[in-house]
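In what follows, a structure is listed as structure tokens, so that the remarks can point back to it.
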């Protein structure tokens, strides 16, 4: 395990490459997002996902969220086809919000086919975006803490026990928002939603954009 300092707003290429090499080799890292510090691994590396689950002492069978760099990938992975939804996502992303959407296609990485829904993140965070783009595949993201514990807002809040169990930690100091992403589920039909967790993205802002782009006309 190594710890490298990296500026999340101006990440240096050498340390990015070191992180990318670990990810493409099936390893796991911890890095800052705009919300909190999180575990990251390639979405198709099942052993890495199992390692993260064990480190987090996670119970249950819900999928990790996927971190992407562009809206088009949401549709490629989910199989959804909806121009109003696409327009809406292009308005709100990038942002500290996780959207839970239906999965309407089978995926090559069969792990995901066990889940009818997937959470999608397009972070407003240069370090996270660079990692996704350089790896060239979706990355999973989940807060770097044991289940039920407070997510780490800075490098100093990371558990030493957890640090020892990953392949690399990128130290970027304090996160921007210091609270987890807002989680919202858009229901089948795409015109109603449920807020599952209040977080860094204002739900009032979400509601305003949702009404404008997705909600059925009532007149």
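The values are calculated or read from the model by the stated rules, or taken from the named source; none is laboratory data. Keep in mind it's a predicted model, so treat the numbers as computed, not measured. Using ideal geometry, Cβ is built from the backbone for each residue, glycine included, and neighbour counts are taken over all protein chains shown.
Is there a residue in the range 29-36 that is buried (at least 21 other Cβ atoms within 10 Å of the Cβ), over 24 Å from residue 175 (Cβ atoms) and under 16 Å from the mean Cα position of the chain (by Cα)?
Checked against the condition, which is being buried (at least 21 other Cβ atoms within 10 Å of the Cβ), over 24 Å from residue 175 (Cβ atoms) and under 16 Å from the mean Cα position of the chain (by Cα), the range 29-36 yields no hits at all.
Which one of these does residue 140 not meet: (1) buried (at least 20 other Cβ atoms within 10 Å of the Cβ); (2) not in a strand (DSSP E or B)?
(2)
At least 1 residues that are over 26 Å from residue 103 (Cβ atoms) in each: list the strands (runs of 3 or more DSSP E) lying fully within the range 162-219 that qualify.
Ranges flagged: 168-171.
Just the residues that are surrounded by fewer than 14 Cβ atoms within 10 Å (Cβ to Cβ) and touching a residue at least 12 places away in the same chain (Cβ under 8 Å), please, taken from the range 154-173.
Hits for the range 154-173 are 164, 173.
Can you tell me which residue among 2, 62 is modelled with pLDDT under 95, in contact with a strand residue (DSSP E or B) (Cβ under 8 Å, 6 or more places away or on another chain), surrounded by fewer than 18 Cβ atoms within 10 Å (Cβ to Cβ) and under 24 Å from residue 147 (Cα atoms)? Don't jump to the end; show me each part of the working.
On the way: 62 fails: in contact with a strand residue (DSSP E or B) (Cβ under 8 Å, 6 or more places away or on another chain).
Result of the check over 2, 62: 2.
Under 7 Å between Cβ atoms, at least 6 apart or on separate chains: pull out the pairs that start in the range 33-54 with a residue that is more than 15 Å from residue 65 (Cβ to Cβ) and end on any residue that is part of a helix (DSSP H, G or I) and modelled with pLDDT under 95.
Close Cβ pairs satisfying both conditions: 46/111.
Tell me the residue from 69, 57 that is out of contact with any strand residue (DSSP E or B) (no Cβ under 6 Å at 6 or more places or on another chain) and under 18 Å from residue 136 (Cβ atoms), please.
Being out of contact with any strand residue (DSSP E or B) (no Cβ under 6 Å at 6 or more places or on another chain) and under 18 Å from residue 136 (Cβ atoms) holds for just one of 69, 57, which is 69.
Which residues, taken from the range 12-28, are touching a residue at least 12 places away in the same chain (Cβ under 8 Å), closer than 22 Å to residue 124 by Cα and either loosely packed, with under 13 Cβ neighbours inside 10 Å or within 19 Å of the chain's Cα centre (by Cα) (or both)?
The answer is 16, 17, 19, 20, 23, 28.
Pull up the range 88-110, narrow it to residues that are over 22 Å from residue 36 (Cα atoms) and touching a residue at least 40 places away in the same chain (Cβ under 8 Å), then point me to the one that is surrounded by the most Cβ atoms within 10 Å (Cβ to Cβ).
Result: 101.
Filtering the range 179-200 down to residues that are closer than 17 Å to residue 121 by Cβ and more than 15 Å from the chain's Cα centre (by Cα), which residue is surrounded by the most Cβ atoms within 10 Å (Cβ to Cβ)?
186
Out of everything in the range 201-219 that is surrounded by 14 or more Cβ atoms within 10 Å (Cβ to Cβ) and either within 18 Å of residue 119 (Cβ to Cβ) or over 22 Å from the mean Cα position of the chain (by Cα) (or both), what residue ends up being modelled with the lowest pLDDT?
Among them, the one singled out is 215.
Hey, does the range 65-82 have a residue that's free of Cβ contacts under 8 Å to residues at least 60 places away in the same chain, out of contact with any helix residue (DSSP H, G or I) (no Cβ under 6 Å at 6 or more places or on another chain), over 24 Å from residue 175 (Cα atoms) and in a strand (DSSP E or B)?
No, the range 65-82 contains no residue that is free of Cβ contacts under 8 Å to residues at least 60 places away in the same chain, out of contact with any helix residue (DSSP H, G or I) (no Cβ under 6 Å at 6 or more places or on another chain), over 24 Å from residue 175 (Cα atoms) and in a strand (DSSP E or B).
Would you mind finding the one in 151, 123 that is part of a loop (DSSP other than H, G, I, E, B) and out of contact with any helix residue (DSSP H, G or I) (no Cβ under 7 Å at 6 or more places or on another chain)?
151
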